Structures are given as C-alpha cells and as structure tokens.
Amino acid sequence: MNAPHAMMPLPPDAPPLEQVHAKKIGDVILDIKNISLRFGGVKALTDISFNVKEHEIRSIIGPNGAGKSSMLNCINGVYTPSEGSITFRGQTFAHMNSRQVAEMGVARTFQNLALFKGMSVLDNIMSGRNLKIKSNLFMQALRIGPAEREEIKHREFVERIIDFLEIQAYRKTPVGQLPYGLQKRVDLGRALAMEPQVLLLDEPMAGMNVEEKQDMSRFILDVNDEFGTTIVLIEHDMGVVMDISDRVVVLDYGKKIGDGTPDEVRNNEDVIRAYLGTSH
C-alpha cells in the first residue's frame, strides 16, 4: 500500500511539519525505460533505463557531460526524448510538458539558480504555490472574499516551509542580498511549496562550503525521511552521494554503466574506471 503523499496541506492544529511522515520505501513511482536523446547528430543519452521507488533518495552520478541534467530535463518535460518512455504512478508518457509534470507532482531545482533576486524570500517561495492557487488574477488583485482567504492559507503553508528551512530571519529580505548557500535553501523551499511527490534536485550543493553542504544534506534527508518525499538527486560530491542515497545510477557519455546501492556502485569496476578512480 502506498504511503501518504508528501507535504499535503496541514490544518492549523496539525503537529509540526517535520513530524508528519516517516520514511518508508515503497513501490516504483517513476519508471524510465530505454530513453534516448539526440541533438542533431549528437547523442546525449542512449537507451537509459532505471526506476525510482517511492520515498527513496535515488542519485544520478557521472563525469561532466555524462548526460545527468539531460536525464532530469527528460523527466520534467524540458526535453522530448527521441526514444523511450517515462511512467509516473502507472501512467506512461512518451512526452509531457513542464506544466503537466508539475501538476502531476514533480518539482525541480536547478544547478544555476533561477530565483527572483529582487523579491523577498517569502515571495520567492510563494511563487511555488502558483499551481495551487484557484482564484483568478482579478480576484487576487482585489483581495476579495475567497481570494483573500486562499492567500492567507497559502502564506501559512509557506511560513511553515520557512520555519523548516530555518530562514525565518530572512523572510522579508530580497533574495539577491543573501549568501549563495541561503539562496540554494530558498530554491529548495520554492520547490517544496509545490508539495511534490517527486523532487528533482540538480546539484543542490554546487559551490557550497563544507558547512553549507552539511546543512543542505540534513534538509534533504529531513524532506525525504520526515515528509516522505521521493528525491532524485544529481550531485558531484561523492561523500554526500554515498552517505544519503538509497540507490545510485551511474552515467558516462550518455550511457548507463552502473546501478545499485552505494556499496554496489562503489565496487563496480566499470564505475571505478570511468569515474571513481582506483579501487581500494
């Protein structure tokens, strides 16, 4: 039986957000089959297949240019695969656009931050609620009746995310004034505001120092363990990947060369030759 969906709206008297779910790996939620991607005569991905189980942390690793971000772009509808299919919760698609993917419960952060630098932390995270807002622009502008009540409800939800990410002190600060590590945290918060069932994280720790990486690792584990959110992670820091992942898939030059638990991948000779270096 499937566990509850991640980050469903909570009533005001609900327990703290971080106590709602406990991690429990379930059945396959996302199944990638025989995905190939070409740009003209260049093959970015060749016949890639792997799956993601509900509530796990599934990492994708590989050298620069291996096709990791291209794979995420296929999953969240930015790219249309040349071949293959993606099955999400039993529904199979040759292609979905980004809005359809988001509406189905898949959120994404990006390696290069795409935040609204002149807007506050609160407003940036509120922008992640757009798909959840039912009232039209006219009602929102006038803040009348249902629109005002709806905005209050969404703001309460966003405030809980801000508390969880420990950025209360910066809630009204323009994002562009924050240190890079905190901007990454805001980017995560905006994705969480979509209440995703699957969260795609594209190098969430790129450019961070050791302390910032430790903080981000803790938040990723908390989102996964306590909210029950399924996470697909691209990350170059192998210490982080091996510490927090349930399973790892390895790409090299657009092909899959390894797949399994961190220990299995760590001891895979093809992976060692291509990426991890000399075996112990």
Can Phe227 be described as surrounded by fewer than 20 Cβ atoms within 10 Å (Cβ to Cβ), within 23 Å of His154 (Cβ to Cβ) and not assigned by TED's automatic domain parsing to the domain that holds Leu122?
-> no
Scan of the stretch 163-188 for residues that are of a type outside the set (Ser, Thr, Tyr), within 14 Å of Met216 (Cα to Cα) and part of a helix (DSSP H, G or I), ordered by number | Phe164, Gly181, Leu182, Gln183, Lys184, Arg185, Val186, Asp187, Leu188
Residue count, the stretch 224-241, condition under 18 Å from Gly26 (Cβ atoms) and more than 10 Å from the chain's Cα centre (by Cα), comes to 5
Test Asp259 against the stated conditions and say whether it is modelled with pLDDT under 95 and not aliphatic (A, V, I, L, M).
-> no
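Here's the yes/no breakdown for (1) modelled with pLDDT of 90 or more; (2) not polar (S, T, N, Q):
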| site | (1), (2) |
| --- | --- |
| Asn2 | no, no |
| Ala14 | no, yes |
| Gln19 | no, no |
| Asn34 | yes, no |
| Arg38 | yes, yes |
| Gly41 | no, yes |
| Leu45 | yes, yes |
Flagged in the stretch 42-93 as closer than 29 Å to Ile272 by Cα, exposed (fewer than 15 other Cβ atoms within 10 Å of the Cβ) and without any contact (Cβ under 8 Å) to a residue 12 or more places away in the chain, in numbering order, are Val42, Asn64
Looking at (1) in contact with a helix residue (DSSP H, G or I) (Cβ under 7 Å, 6 or more places away or on another chain); (2) loosely packed, with under 14 Cβ neighbours inside 10 Å, which is the only condition Leu115 fails?
-> (2)
Could you list all residues from the stretch 53-86 that are under 28 Å from Asp225 (Cβ atoms) and out of contact with any helix residue (DSSP H, G or I) (no Cβ under 9 Å at 6 or more places or on another chain)?
-> Lys53, Glu54, Arg58, Lys68, Ser69, Met71, Leu72, Asn73, Cys74
Please identify the pairs in which a residue from the stretch 117-134 that is modelled with pLDDT of 90 or more has its Cβ atom under 6 Å from the Cβ atom of a residue that is surrounded by 13 or more Cβ atoms within 10 Å (Cβ to Cβ) and among the charged types (D, E, K, R), counting only partners at least 6 apart or on another chain.
-> Val121/Arg171; Leu122/Arg171; Asn124/Arg190; Ile125/Arg190
Identify, from the list Ile231, Ile220, the residue that is assigned to a strand (DSSP E or B) and either in contact (Cβ under 8 Å) with a residue 60 or more places away in the chain or of a type in the set (D, E, K, R) (or both).
-> Ile231
Within the bounds of the stretch 263-277, is there any residue that is touching a Phe, Trp or Tyr at 6+ places or on another chain (Cβ under 8 Å) and free of Cβ contacts under 8 Å to residues at least 24 places away in the same chain?
-> no
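The values are calculated or read from the model by the stated rules, or taken from the named source; none is laboratory data. These figures come from a predicted structure and were not determined experimentally. Ideal geometry is used to build each Cβ from the backbone, glycine not excepted, and the neighbour counts take in all protein chains shown.
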